[in-house]
Amino acid sequence: MSDAHNNTILSVNNIEVIYDHVILVLKGVSLSVPRGGIVALLGANGAGKTTTLKAISNLLGAERGDVTKGSIEFEGEEVQALSPNDLVRRGCIQVMEGRHCFGHLSIEENLLTGAYTRKDGNAAIKRDLEMVYNYFPRLRERRQSQAGYTSGGEQQMCAIGRAMMAGPSMILLDEPSMGLAPQLVEEIFEIVKQLNEKEGVSFLLAEQNTSVALRYASYGYILEGGRVVMDGEAKELSENQDVKEFYLGVGGEGQKSFRDVKHYKRRKRWLA
Amino acid sequence: MSVEFGFFLETVISGLMAGVMYALVALGFVLIFKASGIFNFAQGVMCLFAALTFVGVQEKFGLPAWLALPAAVGVMILLAWLIERLVLRHLVNQDPIILFMATIGLAYVLEGLGDLMWGSDVKLLDIGLPQGASDYMLDNFNLYVEKLEVVAAVIASILVAALAVFFQKTRVGRALRAVADDHQAALSVGISLNTIWVIVWSVAGIVALVAGIMWGSKSGVQFSLSLIALKALPVLILGGFTSIPGAIVGGLIIGVGEKVAEVYMGPFVGGAVENWFAYMLALAFLLVRPQGLFGEKIIERV
Ligand SMILES: Nc1ncnc2c1ncn2[C@@H]1O[C@H](COP(=O)(O)OP(=O)(O)O)[C@@H](O)[C@H]1O
Ligand SMILES: [Mg+2]
């Protein structure tokens, strides 16, 4: 038990999430992230990836969402009892879908807001700022620019860098590839991997871009309609026939859509 | 300098005092609106309440002015904390109109509270700000300028400069701007909105206190003090609801504009121009430039 505890940084146990008291969106999601791992949370638009991440970082309140069943533990501590700022202080921080940089603040000011909860002094914050600039040299070049006027890729880097400034042990990263050119996506995932390996940050990565996510993650969960329909080692998933067909677009008879009859049958099989 | 031009300058300068007041009240509005999206109807009453408290603690407890000031500041901070605890916290995620109505309620509560605690008679406020005409200006430029107006302008400038430094250079100031930009993202990096609300309402309370003291020094502390807030609305339309420089410049334009209009237009339309000039100007502005003089550009780029 205590061993499992030490090796698991985050565990989500059978949670149910309801928006506006009536809209049931997550219908029993369980997953876990090993310390120092990169775990991918995959699924189409509307599957419930963002909702899962927000349940973990306790940001659902602002969206009138509620975790009505199940439990979430970060470092062995129940998340429901903590406020978002408690969680950031304990090392769990979210990078939201769509980057959400502070548009009227400069890049550097954005990065510094990431250090808002820290109490370890200016020297340490300066050191981490330097660390972020070393991982993202582009941010250093644009440090004085208003974030709202930088490119999508720079904003994504800024959002990840801002999260790193909190000195996190775990980052919940929501759709970093969204709207970015393939080469830039590759660049950003490469840096995520380095942050994972060199800075020891664990990642839970929500992505629609299944192929890239499975290349960088060690483990993956596939969400459909608010349920985990499949999970496994990233390698296994990327070789799985169903995943290939529905999420990687390399099926036998060309690309398939989710609404295919066959898909429907297979999905039923998974759910059974 | 010709006599007419001298007279014009005197008119402008006397409009500045009112302008500074409008600017300070509008500034309080902008701070709260930026940080929480709440249109605070009670901002004017906060000026009255703050000034009443300042005078009240001197009368009732015999505090000297230099002690009454921190005491009044303390009361305004306590008030901000109470507002967050008792009102804002429970209305999170509600429609802006509900929050607006809550501030209307707040205005009545504050008015009653001020009456109850300090009485409803007109109070003199004298903290030894210089009164009368400046001899220097009279001797050198042949201009009649009230000393109080000069002092008020200086104090307001110092306050605004201090706020600018606070917002641009400090960790909390940066967090306030972050919340104004994107409160979801602010939450996600661990900024507590509740703390930020207490801080902005405190700052707005302190700005109200300064405005209340200055206005009170000129006309005494009485209910009409809370009515200057009515002029803040046109100031906001002129300056933009989210712009601090807009509030200041807008306040000055309206303060000066209505004085000049009163003096030069009044005789032709039968006077009382001062009462409606601000609203006419705001209306004209709404038609031409609805985002205001300094209304923030919405950065549209993904
Ligand atoms: N604030 C909300 N209120 C009501 N329904 C929501 C809200 N946010 C998301 N949903 C619904 O929950 C489902 C899952 O959404 P989301 O978690 O954003 O999925 P994903 O991130 O996988 O695209 C969708 O059907 C969406 O319409
Ligand atoms: Mg999403």
Query raised in the report: Rounded, prolate or oblate: which fits the protein assembly as shown when a ≥ b ≥ c are the square roots of the eigenvalues of the alpha-carbon gyration tensor, with rounded for a/c under 1.5 and prolate only if a/b beats b/c?
Result: prolate
Requested in this report: Choose one of B:Trp81, B:Met46, B:Gly114: the residue whose Cα lies farthest towards the positive end of the charge dipole of the protein assembly as shown (beta-carbon charges +1 Lys, Arg; -1 Asp, Glu; about the Cα centre).
Outcome: B:Trp81
Report task. Would you mind giving the average projected area, over all directions, of the Cα convex hull of the stretch B:3-288 in nm² with one decimal? Result -> 16.8 nm²
Query raised in the report: When the dipole is taken about the Cα centre of the stretch B:3-288, and only Lys, Arg (+1) and Asp, Glu (-1) are charged at their Cβ, what size is it in debye, to the nearest 20?
Result: 960 debye
Report summary line: Here the percent of antiparallel bridges among DSSP beta bridges lying wholly in chain A, to the nearest 5, is 60 percent
**Report entry** Crossing angle, helix B:147-169 versus chain B [Cα axis fit, 0-90 degrees, rounded to tens]
**Finding:** 30 degrees
Query raised in the report: Among the aspartates and glutamates, which fall within straight-line cross-link reach of A:Lys69, defined as a Cα-Cα distance under 14 Å, with same-chain neighbours fewer than 8 residues apart omitted?
Result: A:Glu16, A:Glu78
Report summary line: Here the relative contact order (percent) of chain B, from C-alpha pairs under 8 Å and at least 6 apart, is 35 percent
Query raised in the report: For labels at B:Val109 and B:Arg89 in the simple 7 Å Cα→Cβ model, what's the distance in nm?
Result: 1.3 nm
Report summary line: Mean-square fluctuation maximum in Gaussian network of chain B, Cα pairs under 10 Å, restricted to B:Gly239, B:Gly250, B:Gly119, hits B:Gly119
Query raised in the report: Once label points are set 7 Å from the Cα along Cα→Cβ at both A:Glu63 and B:Phe166, what is their separation, rounded to one decimal in nm?
Result: 3.4 nm
Report summary line: Among B:Leu238, B:Leu225, B:Leu287, the residue with the largest mean-square fluctuation in a Gaussian network model of chain B built from Cα contacts under 10 Å is B:Leu287
Query raised in the report: Hey, what's chain A come to in accessible area per residue, 1.4 Å probe, Å²?
Result: 43 Å²
Query raised in the report: Once you charge only the Cβ atoms, +1 for Lys and Arg and -1 for Asp and Glu, what is the size of the charge dipole of the protein assembly as shown about its Cα centre, to the nearest 20 debye?
Result: 1060 debye
Report summary line: Honestly the stretch B:70-111 on the Cα gyration tensor test (a ≥ b ≥ c root eigenvalues; a/c under 1.5 rounded, otherwise a/b vs b/c for prolate or oblate) is just oblate
Query raised in the report: For the stretch B:186-302, with only Lys/Arg (+1) and Asp/Glu (-1) charged at the beta-carbon, what is the dipole magnitude about the Cα centre, in debye rounded to 20?
Result: 120 debye
Requested in this report: With everything on Cα atoms, drop me the angle between helix B:244-269 and the longest principal axis of chain B, reported from 0 to 90° to the nearest 10.
Outcome: 40 degrees
Query raised in the report: Roughly speaking, to the nearest percent, how much of chain B's 1.4 Å accessible area is carbon and sulfur?
Result: 69 percent
Query raised in the report: So how much accessible surface do A and B hide from each other in total, probe 1.4 Å, in square angstrom to the nearest 100?
Result: 2600 Å²
Query raised in the report: Based on the Cα gyration tensor of chain A, what are the three equivalent ellipsoid semi-axes, each the root of five times an eigenvalue, rounded to whole Å and given largest first?
Result: 31, 22, 17
Query raised in the report: Which of the residue pairs A:Lys126/A:Lys235; B:Lys60/B:Lys218; A:Lys193/B:Lys34 have a Cα-Cα distance greater than 29 Å in the structure shown?
Result: A:Lys126/A:Lys235; A:Lys193/B:Lys34
Query raised in the report: Rounded, prolate or oblate: which one fits the stretch B:155-302, using the alpha carbon gyration tensor with axes a ≥ b ≥ c (rounded when a/c is under 1.5, else prolate when a/b beats b/c, else oblate)?
Result: oblate
Report summary line: Around B:Met265 (Cβ within 12 Å, Cβ-to-Cβ, excluding B:Met265; K/R +1, D/E -1) the net charge comes to -2
Query raised in the report: Using 1/(1 + (r/R0)^6) with R0 = 51 angstrom and r between the beta carbons of B:Met117 and A:Met131, what's the FRET efficiency to the nearest 0.05?
Result: 0.40
Query - Calculated FRET value between B:Ala284 and B:Phe7, using beta carbons and R₀ = 25 Å, to 0.05 - result: 0.45
Report summary line: With a Förster distance of 22 angstrom and the Cβ-Cβ distance between A:Ser71 and A:Arg35, calculated FRET efficiency to the nearest 0.05 equals 0.70
Report task. Could you provide, to the nearest whole Å², the per residue accessible area of the stretch B:208-273 with probe 1.4 Å? Result -> 34 Å²
**Report entry** Inter-site label distance for B:Lys218 and A:Ala123 at 7 Å from Cα along Cβ, in nm
**Finding:** 5.2 nm
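The values are calculated or read from the model by the stated rules, or taken from the named source; none is laboratory data. Bear in mind that the values here come from a model prediction, so they are computed numbers and not experimental data. Methodologically, a virtual Cβ is constructed for each residue, glycine included, from the backbone with ideal geometry; neighbour enumeration extends over all protein chains shown. Heavy atoms of the whole protein, side chains included, go into the accessibility calculation; ligands, DNA and RNA do not. Shrake-Rupley method; radii C 1.70, N 1.55, O 1.52, S 1.80 Å.
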